[in-house]
Structure formats: structure tokens, C-alpha cells
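Encoded as C-alpha cells, the structure appears first; notes follow it.
The values are calculated or read from the model by the stated rules, or taken from the named source; none is laboratory data. All figures in this text were calculated on a predicted structure; none of them were measured in a lab. Every residue, glycine as well, gets a Cβ built from its backbone with ideal geometry; the counts of neighbours run over all protein chains shown.
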Amino acid sequence: MTESPPAAAYSLRELAVYFVKLGTLGFGGPVALIGFMQRDLVEERKWIAEADFKDGLALAQLAPGPLAAQTAMYLGYVHYGVLGASVVSVAFILPSFLMVIALGWAYRRYGGLSWMQAAFYTIGACVIGIIAQSAYKLANKSLGRDKLLWLIFAAAAVVTIRTESEYVLLFLASGLLVWFVRRPAGQTTPALLGVDPGLLAIVFLFFGKAGAFVFGSGLAIVPFLYGGVVKEYQWLNDRQFLDAVAVAMITPGPIVITVGFIGYLVAGLPGSCVAALGTFLPCYLFTVIPAPYFKRYGRRPGIAAFVDGVTAAAVGTIAGAVVVLGRRSIVDWPTAALALATTGLIAKTVPEYWIVLGAGVLGVAIGFWGSA
């Protein structure tokens with residue numbers, strides 16, 4: 001496991017700059033962010049091989065923690081090892097973390113952010129369009145013409161839509177199914193590889209548990225957070241919690257960064273830092289520790305088949321999430337029209353951040369006009 005990473009066609013600084021930009025301007029949540037990584041790093045710049053990208057996506061689906069952040073960490077690991085994963089982690093997470101701290105300060109100072117809900121009315125629909133376009137591209141690229149993979153894709157999408165949840169057992173079963181179908185005859189089953197310190201400790205342990213035991217995309221952590229933050233510890237009320245989720249949706253970067261906003265409301269800047277550290281540390285460890293094994297053994301036919309099955313289920317879950325989120329964000333004909341318009345604008349290569357910015361301004365204007 002001490003072998004040197006393969007030579008890269010890019011510097012670590014270039015990769016860090018890319019992820020700073022993605023963390024600053026990448027709207028649309030985990031599905032869209034992963035789509036951007038594949039488009040930019042695999043298809044256009046060709047910094048990352050398609051096989052490495054699929055390995056990273058599969059590992060992120062199998063391990064607990066936020067999907068986009070773990071995929072980014074793995075891509076940093078591909079050519080630069082633990083240092084690359086560490087640099088990418090900071091570059092990707094820090095921009096949106098600083099944004100939610102600023103919004104948390106404004107929220108506490110001014111007693112809520114009414115404009116945020118107005119902006120979310122249009123941004124939510126815009127985000128659905130971004131996610132749908134990303135899911136479409138990801139499916140076509142990852143599944144090709146393999147009927148079995150498309151069948152798994154469809155099944156995972158239906159399960160996600162019906163249950164509004166993601167199940168790691170579904171990914172494991174999908175991987176095993178593809179391995180079973182593709183395995184050579186006679187092969188056996190594979191072996192799978194100023195603040196109260198007490199309050200800060202509780203915050204760290206709670207968010208550490210969230211990062212260590214919640215699977216799937218960043219949105220999968222929301223029900224877990226609600227049960228602890230609102231129901232168990234009563235740190236926030238329902239309105240504050242919904243505002244925290246809205247903050248995550250209207251800021252770029254990983255949606256799970258909402259933990260920074262929640263931590264700020266609970267215990268100020270120390271609470272924000274502790275909550276973010278507790279959430280992201282487990283997913284970092286769950287990425288860099290098994291990453292060498294994925295790189296060494298991931299090209300074996302049996303492992304490759306397993307990864308293909310997991311990838312198909314992951315992409316199907318992502319497609320199902322478009323429907324689940326669309327039910328909450330597309331609430332009338334204007335939001336439906338905006339979602340469709342967004343997919344068209346992205347197809348014409350209009351930058352996503354300009355689309356989201358325009359949608360946010362439109363939403364605030366509508367809210368102001370309605371209250372005038």
C-alpha cells in the first residue's frame with residue numbers, strides 16, 4: 001500500500017483551485033455537484049479517468065456521509081493520496097462553510113431572513129432543473145446500453161420515489177447482482193473489503209454520529225438532524241430548522257453544510273466549527289482509509305462488476321431524488337416553467353451560478369412585490 005500515486009496531468013494547486021470554485025459557485029446539491037465533477041474533470045479536462053470517477057462514486061455511496069463531499073475527497077486521492085484528499089476537502093467545504101457562518105450571524109442579529117424564503121421559492125425550482133439535467137447526463141454516461149444496469153437504475157429510482165429514502169442494502173444488492181451475472185463460471189462469492197464546553201462536546205458527538213451513520217446524499221441527513229436538533233435536544237424550533245435547510249439550498253457547495261448554520265445558531269462560531277468538524281471528519285476517514293484498496297483492486301473483473309451495479313443503483317437513486325425534491329419545490333406553474341427553462345439554459349451551456357443568481361433575484365422581487 002506504499003506505492004506512489006500515478007502521474008497526474010494537473011497540479012494539486014490546479015485541483016484545489018477547481019474545488020474552491022466549485023464550492024463557491026456550484027449550486028444544485030449533491031446530484032448536480034457530482035455531475036459537474038464528471039463533466040469538468042472527466043469529460044472536458046480529462047484529469048480523472050472514468051474508471052476512477054466510478055470508483056469514487058461507488059465508495060461514496062457505500063460509505064456513510066455526504067455523497068458529493070466524499071466523491072470530491074476520493075478524486076483528490078486518485079493522484080495525490082491523503083494530501084490530495086485533505087486539500088480537496090478544505091477547498092470544497094470552506095467556501096460554503098464561510099457563507100453559512102455569515103448567514104448565521106445575520107439570522108441571529110436580525111431575527112430571521114424573510115428574503116431567504118422568497119428567494120427559495122424560485123431557486124428551489126431552478127435547482128430541480130439543474131439536478132434533472134445532471135442526472136440525465138450521469139445516467140447516459142455511466143450506464144451506456146447495458147440493460148441490466150438500466151433495470152437496476154429504474155428499480156432504485158422507484159424505491160427512492162416511493163420511500164423518499166436511500167438504502168445502502170440496495171446498493172450492495174445491486175453490486176452483488178451485477179457481479180453474479182457477469183462472474184466467470186465456477187467463481188465463488190467475493191470477500192468485500194465563551195461557550196459551554198459540555199454543550200460543544202454534545203454538539204460534536206451528535207454531528208459526528210450524523211456524519212458516521214447517515215448514508216446517501218447530503219439531503220439524507222436532514223431527517224436525522226431534525227430528530228436530534230428539534231425533537232431531542234430542542235436547540236431549534238421547526239421554523240428555524242426549515243430556515244437552516246433553506247440556507248443550505250441557496251448557498252453553493254455541499255448541502256450538508258447546513259450543519260455549520262445550525263451549529264452557529266446553537267453555540268455561535270465555536271458551535272459552527274465543531275458541528276462541521278464532527279460531520280465531515282467521519283466521511284473523510286471513510287474515504288481515505290479504504291481508497292487504497294479501491295485503487296488497487298477496483299480493476300479486477302469481479303470488483304468492477306460490483307462497482308457497476310452500485311453505480312447503476314446510485315444513479316437511479318439520484319434520478320428518484322429529482323422527483324422527491326420536485327414535489328417540494330415545484331408547487332405551481334411558474335416554478336414548473338422555471339425548472340423547464342433551467343434545463344434548457346443548461347443545455348445551451350449557460351453557467352449554473354448565473355441561472356441560480358437570476359432565479360434568486362426574481363424570487364426576492366416577487367416577494368417584495370407581493371408584500372408591497
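Is there a residue being closer than 17 Å to Pro30 by Cα, crowded, with 16+ Cβ neighbours inside 10 Å and either at pLDDT 75 or above or not assigned by TED's automatic domain parsing to the domain that holds Val364 (or both) anywhere in segment 138-146? Write out each step before concluding.
First, the residues of segment 138-146 that are closer than 17 Å to Pro30 by Cα: 138-139, 142.
Still in the running and crowded, with 16+ Cβ neighbours inside 10 Å: 138-139, 142.
Those still in the list that are either at pLDDT 75 or above or not assigned by TED's automatic domain parsing to the domain that holds Val364 (or both) too: 139.
Among the residues of segment 138-146, at least one is closer than 17 Å to Pro30 by Cα, crowded, with 16+ Cβ neighbours inside 10 Å and either at pLDDT 75 or above or not assigned by TED's automatic domain parsing to the domain that holds Val364 (or both), which makes the answer yes.
Looking at (1) at pLDDT below 75; (2) on the phi < 0 side of the Ramachandran plot, which is the only condition Met99 fails?
In the conditions (1) at pLDDT below 75; (2) on the phi < 0 side of the Ramachandran plot, Met99 misses (1) alone.
Search segment 297-313 for residues that are part of a helix (DSSP H, G or I) and pair each with any residue that is at pLDDT below 70 and surrounded by 21 or more Cβ atoms within 10 Å (Cβ to Cβ) when their beta-carbon atoms are under 7 Å apart and the residues are at least 6 apart or on different chains.
Filtered contacts from segment 297-313: Tyr297/Ile303.
Restricting to segment 307-352, and then to whatever is under 30 Å from Trp179 (Cα atoms) and at pLDDT 75 or above, can you tell me which residue is surrounded by the fewest Cβ atoms within 10 Å (Cβ to Cβ)?
Going through segment 307-352, the residues under 30 Å from Trp179 (Cα atoms) turn out to be 307-324.
Narrowing further to those that are at pLDDT 75 or above: 309, 312-313, 316, 320, 323.
Values: Gly309: 26, Ala312: 28, Ala313: 31, Gly316: 28, Gly320: 25, Val323: 16.
Here the residue is Val323.
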